[in-house]
Structures are given as structure tokens and as C-alpha cells.
1. Under a crude label model (7 Å from the Cα following the beta-carbon direction), how far is residue A:117 from residue D:68 in nanometres?
2. Label-to-label distances across copies for residue A:71, with labels 7 Å out along Cα→Cβ, in nm, shortest first?
3. Can you tell me the alpha carbon radius of gyration of the range D:56-131 divided by the globular rule-of-thumb value 2.2 N^0.38 Å?
4. Any chance you could give the angle, 0 to 90 degrees and rounded to 10, that helix C:25-42 forms with the longest Cα principal axis of chain C?
5. I'd like the FRET efficiency for residue C:42 and residue B:101, computed as 1/(1 + (r/R0)^6) with the beta carbon distance as r and R0 of 22 Å, rounded to 0.05.
6. Just want to confirm a number: the relative contact order over the range B:14-131, from Cα pairs under 8 angstrom separated by 6+ residues, in percent.
7. Based on the Cα coordinates of chain D, what is the per residue volume of their convex hull in Å³?
8. Note the per residue figure in Å³ for the convex hull of the C-alpha positions in the range A:1-61.
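Values in this text are rule-based calculations from the coordinates and carry no lab data. On a predicted model such as this, the values are computed, not experimentally measured, just so you know. Neighbour counts run over all protein chains shown; Cβ positions are idealised from the backbone, glycine included.
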């Protein structure tokens, strides 16, 4: 249904692993966010610059399915696809696949919106390039 | 349906806030995990000790609904309730409520299972105390 | 020489431990920063509010001596003492001591200054309350 | 005196920035650790595998001089050089330089040793390849 628009290669860093010797659950959200922001950049949108201009993009829902754990030394691809799910909401469909075999490690749907100066949701014109 | 079994009071630390001046999305998973592990402790189960004995409890699915952002200086409660969702899976229903007013900031369902030495899911007898 | 002005009780969170089963080196800087910011608050200075007013307090040097590692479940005190080391620089002498026995786990000297709008060091009048 | 042996190119991730809009102080220790572990790998030593074999390499002292802050979007090189400072201690001299201009952002000396099964410092034969 959705088409992968972007892939970011990354590598596990040892400080991201916890006492079980695997990447801690919360760290996957870091990976996913970083890939989304790099995807934005590839579309000419700089998250930091958006923030300083008062365009506040926020995550309102995250669903993550942990399939297999990443471990020290693993290389992986984080993919990004997008879907407009309502007038004001955008969902990022993301996967993490270990390299080089492509094994699916995590699947996620991250839904975001924007807040205007009065903290009300809106969908800024300039984000339409993400779709 | 589920009954809150445990509440952990916490406070935002400034390094947990990102360039938007709010707690970063991934950090809420840290809060939730810490509350779950303190809940386990309150039931006589030590996550670190379980891990070193080879009882590997893993999150297989996380759903998080971000309602309102936490900010520098905020105090909050992280609640834990549990539900057995299948023979091998346990879901933690968790909420984060700002103090002192109790405003709902985040709602989450975190589903976990255990892996045995051959990396197969099972439900260790000793985890039954969580239900 | 310097006198402890402030003590913050904290507890290790499991996600702060790495694959060695001990608190990761970088996390101690999180502990130290959090204790400094709570110390500021106790003196009526809110780091977040200072930042939003354009008072940028930055660390320019950190020295950390790791004596013993903190582990899952450990409770500890983070102490703060201060010293003016030059016209523009303030050093925080900090220790981390495990509770209840008081064993010294880490000793640190963290030196900070402030930057004005033109990115030049200065020492804001309002920080004098820290000394 | 010491000669750079290794350079790791990295990029700031937005979640590493704090409310000041710059990379948080503690994160630089993550960068430095990751570069050291990649340096070890380049010498045939896998930190994770060392750990699981019971070769515990620990940092005992860290000195960091923060020169200029890294910001969202910055690319940088983390360098590693080594020095044996005593029979049992190894110091990593590290720098972080922004790319492409090479501006010095941070300078650090990280001193490490190894602990044997009885928690006593020793210098494993296999680490000699780092010098």
C-alpha cells in the first residue's frame, strides 16, 4: 500500500545495548526518529529549522512491533514510507531490517501532526512534500 | 477493566528534553520500563537478577498515545496494570499523569513475553505473581 | 576546601546499564547534570527558564574519576559544591556515593561559564547566588 | 606526541540535542566510546565479545574539554590515539572535529584499565595491539 521512500543505513553502537546485551527498546524510537528527520532533510525540510521557526511537529501515536533484537555490531536499514491518515495527521510506516540479509527486526507506525502557536493541530502547507 | 497495581512518582530531568523543550518521544519508553521494573521489584522479581539467571523478558509490542508533552520541572506518576492476553503474553497497561493535577500525558500498552535458552517464547512460572 | 551545598538522592534505572551490567560511563554525566540543575532550583534558578531568557550556561571542562561502578538497584547520593575558579568560571565539585554505606563511586569537577548573545563568556549577576 | 590511529565520521542526531539546541554534554562520551569501540574492531578486538569472555575493560578517568558545541545537522570526525600511561593503564587521546572545516569541538583523554575475575586491574595481553 505504502511505498518506501527512504532508507537510512545505521549501525548499533555498544552504549545502546542494555544488560541483556541487546539494543534497549527505547533506542529503536531514536533510530526511527533519526531516519524520519533524515527523510525530511532529503525533502528539503530541516527539523531543527522548522522548530526554530515555530513549526512544531509532534508524534501523537507510536506502534512498534519488536520482531528480533539488534545486537552489538549489527548493521541495519531504517525505511520510511508515508501515508496521510486524516486531514491533520500523517503516518510514517517504518521498518528496521538487518543487513546484509534483510531480516525484519522491527515494524512501526508513527503518527504525527503539527501544532500551531496556540497549541492547536494543523497541517502546514510545507509538509505536503512528505506525501 | 484492568486495575492499577503500582504507581511510581518521577520528575523530568533536563537532559531528557530535546530542542523543542519537551521530553523526547523515546524517553517515555524509559519511564515506562523503569516503572515496570520497579513494579516487578515490588512483587519480589528483580529484572537484573532474572536476566543473569537466563530468564529473558522481552517487549514484543509497544503502543504509545502521546496526549500532552512533559516539560522541564514536571513531576508525574507512572502507573502499571497487567493483563494476560494469551498463554504466553502479558500486557502492561500504563499511564503517565502529571502531578499534582493528574492530567493524562501518555497512555501505553506494552506487551511482553519470555524467551527460553533456545530463543523460544514461554511463560515462566515465577512471572505469574505479576497478574 | 569546598563544602557540600546540596545532595540529591537517586536510584539506578535498568536502561542506564550497558552490556557489562553496570551503569554506562556517559550516564554519570546525566546524573551530575541533573543534580546541578536541582541545586540551581534550590537556589531559585531554573535552568530551563534561564535558557529561554537567553542565559546560556555551558560546561567547558569535565573531569571524572570512576572509582567503582554503579549497578542495577543501587541507590546513591549526588553531591554538589561550588568554587569560583576565575572571573568567568565556576567549578562544581561533585561526588557520587552509594547508599547506605556512602562508598565513593565517582568524583568529578565540572567547570561552567555563561555565553552572552554574541557567544562571548560572561558571568551573569544572578549566578552569584550559587557561590 | 601521540599519533592519530583512527578516525570515525559521525553526524549529530536530533534526539542528541537538548533544550539549548546543542548536543548535550553527556552525549559526547557516547561519541567517544563508539569511536573507541570501532577502533578496537579495526584492530580485531570486539568489545562485546571481550565482555562476554570476561575481559572487562573499564574507564577509570575521563577529561573532556568542550571547545564549541555541535548542533543539529553537523558532521564530524572522532579521532583516536593511544598512549600507555602505566603498566596497567591505557589513555585514549581523542578529538572531535567538525567537518568539513576541521574546527576543534572537543578534546578528551580517556584512561582505561581491565579488571580480572576478582575485580583487580590487569593489562590483558590481547590489548597490546591497541598501542
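1. Here the modelled spin labels are 3.4 nm apart.
2. 2.4, 4.2, 4.5
3. Its radius of gyration relative to the 2.2 N^0.38 Å reference: 1.32.
4. 50
5. 0.40
6. On the way: 196 pairs, mean separation 30.1, N = 118.
Relative contact order, the range B:14-131: 26 percent.
7. Expressed per residue, the convex hull around the Cα atoms of chain D is 116 Å³.
8. Spelled out: Cα convex hull of the range A:1-61, divided by residues, is 142 Å³.
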